[in-house]
1. Out of all the residues in region 553-585, which are farther than 14 Å from residue 251 by Cα, basic (Lys, Arg) and either in contact with a Gly (Cβ under 8 Å, 6 or more places away or on another chain) or open to solvent by less than 20 Å² (accessible area, probe 1.4 Å) (or both)?
2. Can we say residue 650 is open to solvent by 70 Å² or more (accessible area, probe 1.4 Å) and either assigned to a helix (DSSP H, G or I) or touching a Pro at 6+ places or on another chain (Cβ under 6 Å) (or both)?
3. Inspect all residues belonging to region 616-632 and state whether any of them is open to solvent by 40 Å² or more (accessible area, probe 1.4 Å), of a type outside the set (Ser, Thr, Tyr), under 23 Å from residue 716 (Cβ atoms) and touching a helix residue (DSSP H, G or I) at 6+ places or on another chain (Cβ under 9 Å).
4. Listed residues 548, 588, 595; which is in contact (Cβ under 8 Å) with a residue 40 or more places away in the chain and within 23 Å of residue 713 (Cβ to Cβ)?
5. Quick one: is residue 355 at pLDDT 90 or above, open to solvent by 50 Å² or more (accessible area, probe 1.4 Å) and hydroxyl-bearing (Ser, Thr, Tyr)?
6. For a quick check of your reading of the model, give me the residue pairs whose first member lies in region 35-63 and is within 23 Å of residue 252 (Cβ to Cβ) and of a type in the set (Gly, Ala, Ser), whose second is modelled with pLDDT of 85 or more and surrounded by 14 or more Cβ atoms within 10 Å (Cβ to Cβ), with beta-carbon atoms closer than 7 Å and at least 6 apart or on different chains.
7. Which members of region 476-496 meet the condition of being at positive phi and either in contact with a Cys (Cβ under 6 Å, 6 or more places away or on another chain) or part of a strand (DSSP E or B) (or both)?
8. Any idea which residue in region 164-179 is modelled with the highest pLDDT, counting only those that are open to solvent by less than 20 Å² (accessible area, probe 1.4 Å) and under 34 Å from the mean Cα position of the chain (by Cα)?
Amino acid sequence: MERYNPNIEIGLTTKQVNKRVLDKLVNYDTAIPTKTIPKIIFGNLFNLFNFLNLGLALAVFLVGSYKNLFFMGIVICNTIISTFQAIRSKLIVDKLSIISSTKTKVIRNSQAVFIDINEIVLDDIMLLKIGNQVVCDAIIMEGEVFVNESFITGEADVINYKKGALLKSGSFITSGSCKAKVEHIGIENYTHIISKDAKYIKKMNSILMVSLNKIIKIVSIIIVPLSIFLFTNQMHIANNMTQAVLNTVAALIGMIPEGLVLLTSTVLAVSVIRLAKLKVLVQELYCIEMLARVDTICLDKTGTITNGQMEVVDVIPLKKNNVEEIMGNFINKIDNDNTTMEALNKYFKKQDNFTFIKKIPFSSLNKCSTVIFKEGTFTLGAPEFIYDKPLKEVNDNIDKYRVLLLCKDNCPILVITLKDTIRASFSKTLAYFKKQDVNIKIISGDNVNTVMNIAKEVGMDDIRGIDVSKIEDLETAVLNNNIFGRVSPIQKKEMVKILQNNKHFVAMTGDGVNDVLALKQADCSITVSEASDAALNVSQLVLLDSNFDVLPSVVKEGRRTINNIERSATLFLAKTTYAFLLGILFAFLSFNYPFEPIQLTLTNFFTIGIPSFILALEPNNERIKGNFLINVFSKALPTALTIVANIVIITVVGNFFQLGNVQISTLCVILTGFTGFLLLFKLCMPLNKLRLGLISILIISFIISVVGLRDFFSLTLLVPKTLVLMIGLVFLSTIIFNLMHILIDKIITKYPKVFS
């Protein structure tokens, strides 16, 4: 393989690039951001619950009771809907990912051009500067940089690399700039080689997914042995293969919460689509849940509250020096691409008449940058970091502006004041979070007085600010204050950890390399499309319009999604719970299981299936509280116990009075439907027009089905004795339902730590 050694000012020629492409020496992204469409279809078709349902359907088919296969229609519809939404979500995410994808600057044909990561070829000359991620292993040909390798090593230490050093892919530039020749591409890159072992992967922090996995695991373990016991007992009682199969299948259908899993994936996919309309790219699906739970938002000042643009307000000489000449030479050699340097470049004209010796690029840790000339050593940065004595010119401006001090040979010679441009509508965003009881903490590397002044301008009250560089007890400072100045990147991360350790769900916004560690640590990380490559790589949400004013809408979407999933999950798990309890009871009781599959399809369709999907898409802006499983089962368990009590009473009394299996089944269906509607009514409180209309239509449709389609659903008209029993059980069910809710609420209230 021929290697090129291009001139760093010329780069590769078009001919050389084309040759590389023909030889397939082109880089490609080895990470797959989303599942492929075939994988989505395969995963939705071939899963545990579909296999279980298919096996049950086969058993029903073999005994010839074809109408009892109707439950598979719902399974198929759910699978199709879920697959469609997942594919639609994938296509939108992929489209938005292209919009926000990382571009790399390279030199080709003597021109600096931006190209896609998949267009880089071996021996390309890359231009790397502060904020850039190193996308391919590359050797520095010119320049000097400070690099953070936390993506690939997990360590946050910044390492200095000079000419001849190898930059590892996956690292990112924190200071300085360089020209580097691409050494490896594709699978030969360092990140690919170590990705299975050392690459940083953020653990998915989803209470919802953990809870669902627990339910699936329990179902998977219990369902097989329970089905064997139940079938054996039903076969012994009925002495009829068809009836035993139908009874067992009916019991198992109720235990499988397949609709819940499909509902969850569908609702999350819909949320991705809704957020896409707000120009928000969701890079990790379950961060939507974390958004719903957020009670504290840490805002990086620059780029969040302010629009990231700065302008020079005043230049105050402290000594008789040629300020224009000094600053012109200084900015000519310091090529950091940040908002401060952009403002200085606009204000001062570059000059090149000093004898350059060395430069030390800006560091967010030291808050300064230095250039050494033959004419003197010049340091520009935060006054308190580079000069230990008070200066009147600094103190007079520090409360209103960002202040920079220029020192020559450690002697102050110039004060420069700059101001941020505040986002026009950020006050509304702040007011929303205040109304929602979400704590706001503003974190910045600037002087705390400057940050406090900006906080006042946007309408923040109860301001408690602190200079983090001067404290020892960070935890106390974090918990007792809401404005933080002179915060280092490592301290930002530690502040997020402290909040999490104190039971807070934390969202972090940021756009620079100094925010990366905190963004990785946060429960939900948010950045903008113009952010540094490093920030884009670790953030779960990307605001493509760089508009933080959409944050209230994003939080609302998160709350709507998880609140509604929780409400719908209650319906599904009430069914799963009572089905399990009945399965256990009828595995040992000497009675026929009172349901056929078609009958459970009827009750599930009207009390769970339709309402769960409709309610899951309703607006819901309440903040998430408590444990998901506890919240769900505290509402589902009273319903399940009420249904079990009804079924046991109906079965025992019905057999005692010899009502017959069809009368018993009909009464069980009616009471199960009635109790399901009690739960639905409770979950829909407070009622609105949509909910009232939904419940009314469902009840009417259920009654019409029970009466008008009784032959199809293996039901019958009730005889007088059964009617009397039904009326009594309707009243008894209502009492048991309400008493159980009161009892469980009291237990949870009395022992909150047990159920937290």
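The values are calculated or read from the model by the stated rules, or taken from the named source; none is laboratory data. Note that this is a predicted model, so its numbers are computed, not measured. Neighbour counts run over all protein chains shown; Cβ positions are idealised from the backbone, glycine included. For the accessible areas, the whole protein counts, side chains as well, though only heavy atoms, and no ligand, DNA or RNA atoms are used. Shrake-Rupley method; radii C 1.70, N 1.55, O 1.52, S 1.80 Å.
1. Selection gives 559, 560.
2. Values: open to solvent by 70 Å² or more (accessible area, probe 1.4 Å): no; either assigned to a helix (DSSP H, G or I) or touching a Pro at 6+ places or on another chain (Cβ under 6 Å) (or both): yes.
It is false that residue 650 is open to solvent by 70 Å² or more (accessible area, probe 1.4 Å) and either assigned to a helix (DSSP H, G or I) or touching a Pro at 6+ places or on another chain (Cβ under 6 Å) (or both).
3. To start, the set of residues in region 616-632 that are open to solvent by 40 Å² or more (accessible area, probe 1.4 Å) comprises 617, 619, 621-623, 625-627, 630.
Applying the additional criterion that residues be of a type outside the set (Ser, Thr, Tyr) yields 617, 619, 621-623, 625-627, 630.
Now restrict to residues that are under 23 Å from residue 716 (Cβ atoms): none.
Scanning region 616-632, I find no residue that is open to solvent by 40 Å² or more (accessible area, probe 1.4 Å), of a type outside the set (Ser, Thr, Tyr), under 23 Å from residue 716 (Cβ atoms) and touching a helix residue (DSSP H, G or I) at 6+ places or on another chain (Cβ under 9 Å), so the answer is no.
4. Working: 548 fails: within 23 Å of residue 713 (Cβ to Cβ); 588 fails: within 23 Å of residue 713 (Cβ to Cβ).
None of the other options fit; the residue is 595.
5. On the way: at pLDDT 90 or above: yes; open to solvent by 50 Å² or more (accessible area, probe 1.4 Å): yes; hydroxyl-bearing (Ser, Thr, Tyr): yes.
Spelling it out, residue 355 is indeed at pLDDT 90 or above, open to solvent by 50 Å² or more (accessible area, probe 1.4 Å) and hydroxyl-bearing (Ser, Thr, Tyr).
6. Here the result reads 57/69; 57/72; 59/245; 59/249, each pair linking region 35-63 to a residue that is modelled with pLDDT of 85 or more and surrounded by 14 or more Cβ atoms within 10 Å (Cβ to Cβ).
7. From region 476-496, those at positive phi are 486; that's our starting set.
The answer is none; no residue qualifies.
8. 167
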